[in-house]
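S.K.: Below is one structure. I have some questions about it.
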There are 6 protein chains.
Amino acid sequence: MSGTELGVVHTRIERADADAVRTLSAYGVATVHEAMGRVGLMRPYIRPVYRGARLCGPAVTVLLQPGDNWMLHVAAEQVQEGDVLVAGCTTESEDGFFGELLATSLRSRGCAGLVIDGGCRDVKALAAMGFPVWSRAISAKGTVKATLGSVNIPVVCAGALVHPGDAIVADDDGVVCVPRAMAAATLAAAAKREANEGAKRAKLAAGVLGLDMYGMRQPLAAAGLRYVD
Amino acid sequence: MSGTELGVVHTRIERADADAVRTLSAYGVATVHEAMGRVGLMRPYIRPVYRGARLCGPAVTVLLQPGDNWMLHVAAEQVQEGDVLVAGCTTESEDGFFGELLATSLRSRGCAGLVIDGGCRDVKALAAMGFPVWSRAISAKGTVKATLGSVNIPVVCAGALVHPGDAIVADDDGVVCVPRAMAAATLAAAAKREANEGAKRAKLAAGVLGLDMYGMRQPLAAAGLRYVD
Amino acid sequence: MSGTELGVVHTRIERADADAVRTLSAYGVATVHEAMGRVGLMRPYIRPVYRGARLCGPAVTVLLQPGDNWMLHVAAEQVQEGDVLVAGCTTESEDGFFGELLATSLRSRGCAGLVIDGGCRDVKALAAMGFPVWSRAISAKGTVKATLGSVNIPVVCAGALVHPGDAIVADDDGVVCVPRAMAAATLAAAAKREANEGAKRAKLAAGVLGLDMYGMRQPLAAAGLRYVD
Amino acid sequence: MSGTELGVVHTRIERADADAVRTLSAYGVATVHEAMGRVGLMRPYIRPVYRGARLCGPAVTVLLQPGDNWMLHVAAEQVQEGDVLVAGCTTESEDGFFGELLATSLRSRGCAGLVIDGGCRDVKALAAMGFPVWSRAISAKGTVKATLGSVNIPVVCAGALVHPGDAIVADDDGVVCVPRAMAAATLAAAAKREANEGAKRAKLAAGVLGLDMYGMRQPLAAAGLRYVD
Amino acid sequence: MSGTELGVVHTRIERADADAVRTLSAYGVATVHEAMGRVGLMRPYIRPVYRGARLCGPAVTVLLQPGDNWMLHVAAEQVQEGDVLVAGCTTESEDGFFGELLATSLRSRGCAGLVIDGGCRDVKALAAMGFPVWSRAISAKGTVKATLGSVNIPVVCAGALVHPGDAIVADDDGVVCVPRAMAAATLAAAAKREANEGAKRAKLAAGVLGLDMYGMRQPLAAAGLRYVD
Amino acid sequence: MSGTELGVVHTRIERADADAVRTLSAYGVATVHEAMGRVGLMRPYIRPVYRGARLCGPAVTVLLQPGDNWMLHVAAEQVQEGDVLVAGCTTESEDGFFGELLATSLRSRGCAGLVIDGGCRDVKALAAMGFPVWSRAISAKGTVKATLGSVNIPVVCAGALVHPGDAIVADDDGVVCVPRAMAAATLAAAAKREANEGAKRAKLAAGVLGLDMYGMRQPLAAAGLRYVD
């Protein structure tokens, strides 16, 4: 069903293959995003609340209402070891939906971290705990528990479509979503890309120009580029 | 398949039922959004390029690359009488992807209008033609034709997920997407809501307070509201 | 009491003098803002939902919670003939707190219009009714009725502090708040300013330069301005 | 001299050829921008304060300080019949630097209109006068006269570099700057483009697809586009 | 007097009780904000210029003009040991009103730190000095000294109303203002909350769900939440 | 030629004097900006991708197309030991134009760093390499190589005009451009300013007020400042 259902918790989801997720976790967001053909990236306003955080795991999704974190508690029960919680919101809201207590709860269930298209608080404590969060804002504003959203439905988070079970990769460069069915193929492409990058890096470090390494001079000339002394 | 495929045009889509779309077109965006249970609304940064425009029809979707409108030409061929073209973009871009010439082409194919998570130009001509467009910006910046996107895949447009064939309703209040499978149910709910609104409007116009009409005094008191002289 | 109380409705407020308000309504926002010494102006993101609207009246204030318009119904009962409803919000929210039904209710009580640091919907109907609204966004997103705010406490709306009973003046240039105790003095200053403006306008229209009319040449030279041929 | 000098008024500038400007005024911003090879466009946050305004003329430039409109008075003296005043600012400022009185003064000197990377007020009066202004905000906030900027130096306005005497074209689509030396060439390119557009418009209106008219099918296939039934 | 006076320095203010401030300094912003009933929080665009800074003290307030830091020098004389300087601005301005020299001056008077709804510069030096600043931007843009504002009047800073003498608490989560008269009550509520949090944290760490700890299952079911296998 | 040429690489530029650049590198952005008379500063949205980075060198400029980094490869060849690459873009784009591979290439040519009015990725690797970048966003979004821009033409970067060869100074406070011809004069002014700052800092640290040190009391009184007990 393609529509957004409210008031529903899907308790059974298929997660991206655990081995694929484990291997994927070795790659950075930029590499994974390239390996996917440059789709699935969240908007750059989603930032880690502390630098150096990294994340890779299957998504448990939640749809929140503005200024209301009721469904985060509902979602916590659906989280399994290694899962990443991904929270969208029906409208733009920078309130502090999430803080140290919820992080403690999620951590106790083995949750790998949170990506939220909303605000987050207690950022010092989160850094101390090492619980990684990517959010659109840091805000101490507390939220209510009054209106239903849903858990484990497809959600839009920071412009990216995330289905439950998709693999989420996040680091200092941002957050990318790898659809479950594409995890294996993405993995292969990422490995290939990484292998190539080492050779390219060495050449560039030795002073070879991208112009030559990528064979750009001819197409640039064909496009009309002129050099003027 | 839940992933975003690039370089693909789906030529066969199932459109929301034509009768449902016709009936739906009588309702405004706010009513339809309420009838759906308050989901499916695009972010409010999507605005009509001229006031008073209205739109209702099944979606042909297109995924654009930033600063590149190649796929709009590809999408034009897939548009049928009454369709609404809905364009997402892989990143945020305010360039002028669309103008009078493309509008002329779409109009000749019976296209009802465009919703684009990007910029639009020739707005005076569009108003003169009566071709309705909702966009995130008005910009004369021309775009190139160099990189593939896709047509008729699920796209995220202004924060809303749109599948090909979903019904799109747009007016001065914004844009809402009604999933194909929910069109009939939404219709019924909208009709019921509208019927109720007439009676409510009359009461309120006669001076009855919402406090009384909606029975709010008791819950407000229960929540602790105090009146101070 | 200087703190923000939640859950309170002050039923008795002192309104700016009715004669002062009536006279003030003849002046535009720019003139009133200058007459006050350039304070009291709301941030320019507050815009009229239709062009040409004008407003002048004493404020009934309301503090909303994000995505929740419960208190607008509470506030409606406190509005008297000619009052302007001014709504602040505890956080930034662009949801559609207000629409045609609430406007119908407020109109039936003689309300002159609304200024809201949030979103508004049904803008076509509002224009048709001639019910003027200044808002930060246009959005069809409906709101809930779950959390208490307050009525007739001092609120911050779009960066300006508004006390209940202050005079609110709004037009296409924006919104300014005249504290109740300053209404008379502002009036006098506005009248004086307006009188001067007529003479100035005539001189400028006749080709006299501001440089000469305002005697700027000497201070410019003293500041070091150089003319280069 | 490439540096930004403060406190200087250049009284002699070379204006774009008057005939070229007159002919250029027949074209819209989108056409001129294309004719220039897609450079010179101001950022889309610069918008007309009323719809339907149009403008074409040589630039008199002014660099303002934030919240300070002193130099607009200095610039007024440098304006000749048909000139467009273009105002940059040393930092981002949305204050109301400009209003009806300054418009009256500029109008009396034959000024064609204003483009300002700042705020503007008295927008109703400006529309009534028919004095066209493109600004980044509408704000009643008055400005002081305390700090020197410069007149007729190169300025950056909304991201575009403008030299004194360059031709400025503005309409509902935005604002473009045509360097003085390029006015004639741009004119020729615009004329050619416009001529082509008529034929294209007719074909597209008759149902010919852009895919065929522009010969896109082969390059799309070469790029790998797949059609799926 | 509720209006904003310009050109006035109030030299005598009543500060929040010193003992209360000292005790309050042990709590974080999120806790204090909750203890106050979720009011008084500044907008999340106010951020510390370096991470890990903390602040608690009574406010000396100052109203600035855009691009003008004259009144910061006036305010410096009014600052006493432990005070926090809180600066609002008559319009939005990101200029660098404050830097190392002013920090040196404030530090020598015992000032605990600055909260400014404007820009700040010399951030490396400020971090080295350990002088904490919360600002809306980092900008090297210097400011002038030309126009009067006021000191120790009520100001709006980042959307929050601050009276002279109110207690300001700031950390990595943001900035909250505790009205002077509410300091003691807030303290008690914060202590109670903190005490409760320890117990809650332990339960959540042990794997108890918020759903059970907060008794949410029944109200969720009553609201209609459905679990789907 | 004042217009923006596309498709051109100027291979010969005159760089700011090497001695001047070396001496300039001892000063921070705020000092240099003041020394220049407060012009040449980029907008504060340009931020270092890691804290503590510093930069000083002559500019090699490049004009990019949105979502396209082809010209960065072309520019790399033009970079000499100590140069700073400065990239403007024809429209606003936050895509990740630049990452570790390009940094490796630039580093091998002696490039001092990058200032880009666009996005940047691989920020962790950049910090590890110590290759300093100032950008408007951090984004993993890859870019294409399809459309020509230019190298070593005047570009607008974050609101500042930069000519090839101008000296660029950047640190945690932002980025300033010193026109080549003004480097020597700016140097002298910066030295003078710095000398004065030491004495001022000492006085302020000893408790002397800016009010007295700068002789502000008389002008403040003349402007009408009133002290109220």
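Where a number appears in this text, it was derived from the coordinates with a stated rule and is not lab data. Bear in mind that the values here come from a model prediction, so they are computed numbers and not experimental data. Because the Cβ atoms are built from the backbone with ideal geometry, glycine has one as well, and the counts that use them run over all protein chains shown.
S.K.: Output, in nm with one decimal and in ascending order, the distances from the residue C:26 label point to the matching label points of the other copies (7 Å from Cα along Cα-to-Cβ).
M.R.: Nearest to farthest, the other copies are at 5.0, 5.0, 6.3, 6.7, 8.2 nm.
S.K.: Rounded to the nearest 0.05, what FRET efficiency is calculated for residue E:128 and residue F:196 with R0 set to 25 Å and r the Cβ-Cβ distance?
M.R.: 0.80
S.K.: Further question: Counting only C-alpha contacts under 8 Å and six or more residues apart, can you give the relative contact order of chain B as a whole percent?
M.R.: Worked out over chain B, it gives 29 percent.
S.K.: Report the Cα centroid-to-centroid distance between region F:156-228 and region E:122-182 in angstrom, as an integer.
M.R.: Comparing the Cα centres of region F:156-228 and region E:122-182, I get a distance of 21 Å.
S.K.: GNM, chain A, Cα, under 10 Å: largest mean-square fluctuation among A:136, A:180, A:201?
M.R.: For chain A, modelled as a Gaussian network with Cα springs under 10 Å, the answer is A:201.
S.K.: At 10 °C and a viscosity of 1.306 mPa s, what translational diffusion coefficient does Stokes-Einstein give for region E:81-132, taking Rh as the Kirkwood radius over Cα pairs? Give it in µm²/s as a whole number.
M.R.: This corresponds to a translational diffusion coefficient of 141 µm²/s.
S.K.: What is the P(r) of the protein assembly as shown, as percent of Cα-Cα pairs per 20 Å bin from 0?
M.R.: In whole percents, the pair-distance histogram is 10, 39, 41, 9, 0.
S.K.: Just tell me how shielded F:119-125 is by partners: mean number of partner chain Cβ atoms within 10 Å of each residue's Cβ, no decimals.
M.R.: Counting other chains' Cβ atoms within 10 Å and averaging over F:119-125 gives 6.
S.K.: Express in % the proportion of alpha carbon pairs of region E:139-216 at distances exceeding 15 Å.
M.R.: For region E:139-216, the share of Cα pairs beyond 15 Å comes to 74 percent.
S.K.: For region F:125-169, which semi-axes, largest first and in whole Å, follow from the square roots of 5 times the eigenvalues of its Cα gyration tensor?
M.R.: 22, 18, 11
S.K.: Once the label point is placed 7 Å from Cα along Cβ, list for residue D:228 the distances to the corresponding points in the other copies, in nm, shortest first.
M.R.: From this label point to the equivalent ones elsewhere in the assembly: 2.4, 4.8, 6.3, 6.3, 7.1 nm.
S.K.: Only counting other Cβ atoms within 10 Å, I'd like E:138, C:116, B:168 sorted with the fewest neighbours first.
M.R.: Going from least to most buried by this count: E:138, C:116, B:168.
S.K.: What percent of all Cα-Cα pairs in region D:1-159 falls in each 10 Å bin, counting up from 0?
M.R.: Answer for region D:1-159: a P(r) of 11, 42, 38, 9, 0 percent.
S.K.: While we're looking at this one, here's another question. Looking only at C:144, C:176, C:49, which one moves most when chain C is put into a Gaussian network model with springs between Cα atoms under 10 Å?
M.R.: Highest fluctuation among the options: C:144.
S.K.: Compute the long axis of helix F:183-205 from its Cα atoms, compare it with the longest principal axis of the Cα atoms of chain F, and write down the angle in degrees, 0 to 90, nearest 10.
M.R.: For F:183-205 against chain F, the angle is about 40 degrees.
S.K.: Follow-up question, since we're still on this one. Quick one: net charge around residue F:211, please, counting Lys, Arg +1 and Asp, Glu -1 for every other residue with C-beta under 14 Å from its C-beta.
M.R.: Net local charge, residue F:211 excluded: +3.
S.K.: Share of antiparallel DSSP beta bridges in region D:44-171, in percent to the nearest 5?
M.R.: Taking every DSSP beta bridge with both residues in region D:44-171, the antiparallel ones total about 40 percent.
S.K.: Continuing with the same structure: Taking amide H atoms as placed 1.01 Å from N in the peptide plane, list the residues 5 or more away in sequence, or in a different chain, whose amide H sits under 5 Å from that of residue A:147.
M.R.: Excluding prolines and chain starts, which carry no amide H, the hits are A:70.
S.K.: Take the Cβ-Cβ distance between residue E:214 and residue E:185 as r, set R0 to 35 Å, and report the resulting FRET efficiency rounded to the nearest 0.05.
M.R.: Efficiency, from the Cβ-Cβ distance: 0.90.
S.K.: Could you state the per residue volume, in Å³, of the convex hull enclosing the Cα atoms of region C:74-221?
M.R.: It comes to 175 Å³ per residue, whole-number rounded.
S.K.: Here's something else I'd like to know. Using only the alpha-carbon atoms of region D:20-64 as identical scatterers, what base-10 log of I(q)/I(0) does the Debye formula give at q = 0.17, 0.19, 0.21, 0.26 Å⁻¹?
M.R.: -0.62, -0.79, -0.96, -1.29
S.K.: Now for a separate question. How much length would be gained if the chain were fully extended between residue C:226 and residue C:14, taking 0.36 nm per residue of separation minus their Cα-Cα distance, in nm to one decimal?
M.R.: Full extension of this stretch gives 70.8 nm more.
S.K.: List the distances, in nm and shortest first, from the label point of residue A:199 to the matching label points in every other copy, placing each point 7 Å from Cα along the Cα-to-Cβ direction.
M.R.: Residue A:199 label point versus its equivalents elsewhere: 4.9, 6.5, 6.5, 7.6, 8.5 nm.
S.K.: Taking only C-alpha pairs under 8 Å that are 6+ residues apart, what is the relative contact order of region C:1-103 in percent?
M.R.: 24 percent
S.K.: Further question: Just which residue of chain C brings its Cβ nearest the axis of rotation onto chain D, and by how many angstrom, rounded whole?
M.R.: Residue plus distance in Å, as requested: C:51, 5.
S.K.: Restricting things to alpha carbons, tell me how big region E:44-87 is in terms of Rg and Dmax, in Å.
M.R.: Values for region E:44-87 (Cα only, Rg and Dmax): 11.9, 30 Å.
S.K.: When the helices in chain B are scored as -39500 (n - 2.57) per DSSP H run of 4 or longer and the sum is shared across all residues, what 222 nm value do you end up with, to the nearest 500 deg cm²/dmol?
M.R.: -8500 deg cm²/dmol
S.K.: Give me the net charge of residue B:164's neighbourhood, meaning all other residues with Cβ under 12 Å from the Cβ of residue B:164; Lys, Arg count +1, Asp, Glu -1.
M.R.: Around residue B:164, the surrounding residues sum to 0.
S.K.: How would you order D:90-99, F:96-105 from highest to lowest mean count of nearby Cβ atoms within 10 Å?
M.R.: D:90-99, F:96-105
S.K.: A further question follows. Considering every pair of different Cα atoms, what Kirkwood radius, in Å, is found for region A:38-131?
M.R.: 13.5 Å
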